[in-house]
1. Computed over the Cα atoms, what is the radius of gyration of the range 53-197 divided by 2.2 N^0.38 Å, N being its residue count?
2. So between Leu90 and Ser293, what do we pick up on full extension, going 0.36 nm a residue minus the alpha carbon distance?
3. Ratio of the chain's C-alpha Rg to 2.2 N^0.38 Å, to two decimals?
4. Could you calculate, for the range 108-189, the ratio of the Cα radius of gyration to the Kirkwood radius, expressed as Rg to Rh?
5. Suppose R0 equals 25 Å; then what is the FRET efficiency for Glu59 and Ser26 from their Cβ-Cβ distance, rounded to the nearest 0.05?
6. Using the number of other C-beta atoms within 10 angstrom as an exposure proxy, rank Asp224, Asp36 with the fewest first.
7. With everything on Cα atoms, drop me the angle between helix 222-238 and the longest principal axis of the chain, reported from 0 to 90° to the nearest 10.
8. Enter the angle in degrees (range 0 to 90, nearest 10) between the Cα long axis of helix 292-305 and the first principal axis of the Cα atoms of the chain, meaning the one along which they spread out most.
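A short reminder: the numbers here are calculations on the coordinates, not readings from a lab. Note that the structure is a prediction, hence the values are computed from the model and not measured. Quick reminder, even Gly has a Cβ in these numbers, built from the backbone with ideal geometry, and neighbours come from all protein chains shown.
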Amino acid sequence: MVIIAESLAASAPSDSSAKIPARVHSVLKGKELLGDTPIVALPADSSLPTGSLLILFGEDDGESGAEARDWEWIAADEAVIGYVAGSPSLRVEAPRRLAYFARYLDHGNLTVAEDAYLEFAHAPYDVVQGAAGHLPMAAIRQWIVDPAVPAQRKGFYGLALGLSVDDEKTANAQLLRRLILEPAGDFRGGFDGILAGYLLAAGETALELIEERILANPDSAEGDVRHAMNALRFYHESGRQIPAARLCEALEHLLKRPEFAAPAIVDLARWQDWEAAERIVGLYDAPPSQHQSSVRRAIIGYLLVCPTPAAAAHLRTLRQRDPDLVEEVQRRPVLPSRRE
């Protein structure tokens, strides 16, 4: 149920079990559940000035009456009410629904803008991709360089720019490249979305830049590397232009960095990169480091799922050498094991 209501109490009562009354003005959804109830009761901790406009959200539990039901609420003004009232039904095709919310991504009312952003943030990638033609690309290029825009939104905006398939594509790719090349500290919020967007927009050209500046660069910031790994994982799942073998080749550079070797090995196993098996096994006797234990576990996990005879032979050797560790990884595998 979604209703517009007005609070009738100046503040929350001292008795925590008490309720604050709110007068129903209109029902946007769930009229058949609410009936003609003129007053609903809000939780006692809802300290609100008398006369505050609210949008209430409630579910029918099949037992509680309208007066006893637990409601969630947000403070509302005309902009919020108009936005919610105009929102398309969940029965509407998902990309068409997002087309409505795209118009509100930079709305002056922060509640409206945040909700519109969350509609995109919570949508599956293929749905966002289907709605890309409705996104205001020129405006997004301005928002992504605005220091006032939250970092998490910049990640989404970076991804959104990569989805353009029309005349905006070149301008979007050029901007994403410039953002990647800008000097920055170790932490760049939303940077994985910018990298993923550039991969979508520029394909192997983008991968070459990410490979050179981040993955193959021993001095690249740890934060940038983690963002790059996330971007490659996303692209491997959703991208189409870059061959999987090329993504694996780029990721293999991280086998040289002990702090990233273990997650890289896990990804290479998920991506079935069996060509890297000998390099990966060779890391088992790498110079000791604080990451040695996690790297060795990842190597054993890789060998457990690798289908080649050479991998089986290496696993037999490690089983004789470190039987307890192999048994432990088998009991709690990084990936589903394909053999005993």
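1. Working: Rg = 17.9 Å, N = 145, 2.2 N^0.38 = 14.6 Å.
Ratio of Cα Rg to 2.2 N^0.38 Å: 1.23.
2. Values: separation 203, 0.36 × 203 = 73.08 nm, distance 4.84 nm.
My answer for the length gained is 68.2 nm.
3. Numbers: Rg = 26.5 Å, N = 340, 2.2 N^0.38 = 20.2 Å.
Rg over 2.2 N^0.38 Å, computed on Cα atoms: 1.32.
4. Working: Rg = 12.9 Å, Rh = 13.5 Å.
The Rg/Rh ratio comes out at 0.96.
5. For Glu59 and Ser26, the calculated efficiency is 0.85.
6. Numbers: Asp224 23, Asp36 8.
Fewest-to-most Cβ neighbours within 10 Å comes out as Asp36, Asp224.
7. 80
8. Value to nearest ten degrees: 90.
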